[in-house]
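In what follows, a single structure is set out as structure tokens and then discussed.
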Amino acid sequence: MEIILFTLIGLAVGSFLNVVILRVPQNQSISFPPSHCPKCKNRLKFYHNVPIISWVMLGGKCAYCKEKISLQYPLVEFFTAIIFLVTFLKSDNMLQAGIYSALFSALFALSMIDLRYKAVPDLISFPALFISFFARDFLDSFTDALLFAGGFTLLRMVVSWIIKKEAMGEADIIIAAIIGATLGVHLGLSAIYLGALIAIPAFLIVGKRGFHLPFIPFLTLGLFITWLFDKQILMLLERIYG
């Protein structure tokens, strides 16, 4: 019963994240005006906002003007529910599950915003950093966050000097700090390496078409996968360096 309830909470949080993803980058209030169709501006009824179900029942169209509703809405709700489900199964207790669910949900929202607007709002990134300090022992997390932030800052300066233009963004430094706080040094480095590894084919494919891909979604994915399979990755590292 707890796992079902926790997953349903994830669906509800996903619905809220849709509002955050669309409004925060545009400096709009997340509470006013209430949910409405961006095309016809009609205020939505409560039964138009049931996560996933409403989108399916409405055929992916506005109940009033029949304008298509972006597939982003049900997908964000679905993946947020998956985040909550996975963190519940992975965590040792409800408090831990709540911390990781909040952290990964915030990072998911940041990734979506970065993909859509090429922006990373401080309003989300700094609270996510604060939450990450509670992922492990607070002092250890804080120390590793500073270490990773400093390392990424130095790397950014060196790469920028080599290529003669600004490399990476300041937001990448915050995400690196979150990775360090959440995973520690060894797993944190593995997460960054994994994120870069996943990003390479995507950058090669999309780069040829003239599109720009942000790095934060890949760092987030590397963090999530590494956290999920931490024991297996540590065993692999021991075999490699043992």
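Among the residues here, VAL86 does not qualify as without any contact (Cβ under 8 Å) to a residue 24 or more places away in the chain and outside the structural domain of TRP227 (by TED's automatic domain parsing). Restricting attention to segment 120-156, the residues that are β-branched (Val, Ile, Thr) and over 16 Å from THR220 (Cα atoms) add up to 2. Scanning segment 48-60 for residues that are without any contact (Cβ under 8 Å) to a residue 40 or more places away in the chain, part of a loop (DSSP other than H, G, I, E, B) and surrounded by 13 or more Cβ atoms within 10 Å (Cβ to Cβ) yields ASN49, VAL50, LEU58, GLY60.
To keep it simple, each residue is scored yes or no on (1) at pLDDT 95 or above; (2) surrounded by 15 or more Cβ atoms within 10 Å (Cβ to Cβ); (3) in contact with a Ser or Thr (Cβ under 6 Å, 6 or more places away or on another chain); (4) of a type in the set (Gly, Ala, Ser).
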site	(1), (2), (3), (4)
THR87	yes, yes, yes, no
GLY98	yes, yes, no, yes
SER101	yes, yes, yes, yes
ILE113	yes, yes, no, no
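Might you let me know whether segment 209-232 holds any residue that is at pLDDT below 85 and in contact with a Phe, Trp or Tyr (Cβ under 7 Å, 6 or more places away or on another chain)? Checked segment 209-232: at least one residue is at pLDDT below 85 and in contact with a Phe, Trp or Tyr (Cβ under 7 Å, 6 or more places away or on another chain).
Okay, residues lined up against (1) touching a Ser or Thr at 6+ places or on another chain (Cβ under 6 Å); (2) of a type in the set (Phe, Trp, Tyr); (3) over 28 Å from PRO25 (Cα atoms):
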| residue | (1), (2), (3) |
| --- | --- |
| ILE124 | no, no, no |
| SER132 | yes, no, no |
| THR143 | no, no, yes |
| THR182 | yes, no, no |
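State which residue is modelled with the highest pLDDT when the search covers only segment 23-49 and only residues that are hydroxyl-bearing (Ser, Thr, Tyr) and out of contact with any His (no Cβ under 8 Å at 6 or more places or on another chain). This residue is SER29. Among the criteria (1) surrounded by 16 or more Cβ atoms within 10 Å (Cβ to Cβ); (2) in contact (Cβ under 8 Å) with a residue 24 or more places away in the chain, the one LEU22 does not fulfil is (2). When each of TYR64, TYR73 is tested for being among the aromatic types (Phe, Trp, Tyr) and in contact with a Cys (Cβ under 6 Å, 6 or more places away or on another chain), the lone residue that passes is TYR64. Summed over segment 61-80, the residues that are surrounded by 15 or more Cβ atoms within 10 Å (Cβ to Cβ) and outside any helix (DSSP H, G or I) give a count of 4.
The values are calculated or read from the model by the stated rules, or taken from the named source; none is laboratory data. Every value quoted in this text rests on a predicted model; they were computed, and no experiment measured them. Methodologically, a virtual Cβ is constructed for each residue, glycine included, from the backbone with ideal geometry; neighbour enumeration extends over all protein chains shown.
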